[in-house]
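What follows is a short report on a single structure.
Every read-out reported here was derived from the displayed coordinates using simple, explicitly stated rules and does not represent laboratory data. Worth saying up front: this structure is predicted, and the values here are computed from it rather than measured. Note that we place each Cβ from the backbone using ideal geometry, even for glycine, and neighbour counts take in every protein chain shown.
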Amino acid sequence: MEFDLPKRLALVTLCLTLAAVGLIETRVHLSLTGPGWDAWAYWDAWRGAMYDGSVGDSGQFLYSPAFAQAIWPLAQTTWPLFAWVFILLNAVGLAWLLKPLPPMLAVPLWLAGSQEVLSGNVFIPMAVVAVLGMPRSYLWAFVALTKITPCLGPIWFAARGEWRAVARAVAATVCLASASALLAPGLWLDWFAFLVDQARLSDTAVGYPFIPGPIFRLPVAVLLVVWAARPGRTWTLPVAMVIATPFIWNGSFTLLAAIPRLREYDSSAARPGRADGPRAPPPSSTSAPTG
């Protein structure tokens with residue numbers, strides 16, 4: 001990435017400012033709750049009624065039973081081990097996402113995301129899915145079975161007419177959900193009832209009070225994806241995911257960390273000779289003969 005000096009200085013200043021804000025917020029959270037404040041809900045999900053609370057309740061598990069079942073073995077370990085596994089995954093994931101950037105930008109941006117790293121939430125894994133899910137659409141099942149509404153990858157593929165990719169994403173989600181439901185049908189009924197009950201919050205601000213509820217933001221996110229899909233503006237996908245997030249907090253913006261890798265993916269896919277890059281149109285039947 002090449003920038004002129006004023007732009008470079010502005011970007012570095014912005015990244016350093018974000019790093020300072022992120023570190024302050026991280027310190028506040030650590031002083032109040034210790035590390036893993038969001039991951040606690042995942043570890044604690046099996047230690048009581050899974051869906052007896054409400055969105056916004058501290059420690060309330062919100063995701064599908066499939067996610068709870070997937071992490072069940074790890075949840076049987078001690079809380080410190082569980083928390084640090086999630087924190088380590090977030091730390092490595094964020095570093096990988098930011099690697100295409102120059103260190104003078106990547107390091108402060110990683111520090112800006114330190115709050116999300118230490119929270120143990122799944123926004124960073126979702127950002128990784130936004131990148132790896134371009135050639136491997138089945139990975140979008142992870143987003144569908146956790147935060148649901150930011151699962152915009154299949155819409156991206158559908159808008160581009162990539163129906164095999166859509167089918168793989170849907171099939172993976174259905175297979176995982178079906179297997180999970182066979183093991184714990186009661187939990188799925190509880191989760192559906194929980195979602196229906198919490199849908200009453202969809203038209204109200206959840207998170208920052210000045211941000212409209214998800215029922216208003218989701219159509220905007222879908223339209224953004226459809227607009228960007230045909231010309232292949234993959235960098236807009238994490239932007240749309242932020243917009244579609246059920247409730248937006250600072251941690252939601254770590255989804256934008258997928259942008260450097262997606263821009264790198266775009267550049268790679270556009271190289272001549274790449275099987276997954278742009279292809280020349282077939283010769284027209286009205287073309288003049290060449291031989």
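A few comments on the model shown:
- Residue (of ALA91, VAL226, LEU16) at the positive-pole extreme of the chain, dipole from beta-carbon charges: VAL226
- Around the Cα centre of segment 27-269, unit charges on the Cβ atoms of Lys, Arg, Asp and Glu (plus for the first two, minus for the last two) sum to a dipole of about 740 debye.
- Protection proxy ranking of 109-117, 243-251, 226-234 - average other beta-carbon atoms within 10 Å, highest first: 109-117, 243-251, 226-234
- Within segment 27-269, the proportion of Cα pairs with more than 29 Å between them is 27 percent.
- Cβ-Cβ distance of ALA171 and ASP4, R₀ of 41 Å, FRET efficiency by 1/(1 + (r/R0)^6): the value works out to about 0.30.
- Axial C-alpha extent at least 24 Å, average Kyte-Doolittle at least 1.6 - helices from the chain (DSSP): 79-98
- Remark: spin-label model distance ARG164-THR78 equals 4.9 nm, labels positioned 7 Å along the Cα→Cβ axis.
- Debye-formula intensities of segment 49-165, expressed as log10 I(q)/I(0) at q = 0.10, 0.12, 0.17 Å⁻¹, are -0.37, -0.54, -1.00 (one equal scatterer per alpha-carbon, no solvent).
- Normalised by the number of residues in segment 89-240, the mean separation of alpha-carbon contacts (under 8 Å, six or more apart) gives a relative contact order of 18 percent.
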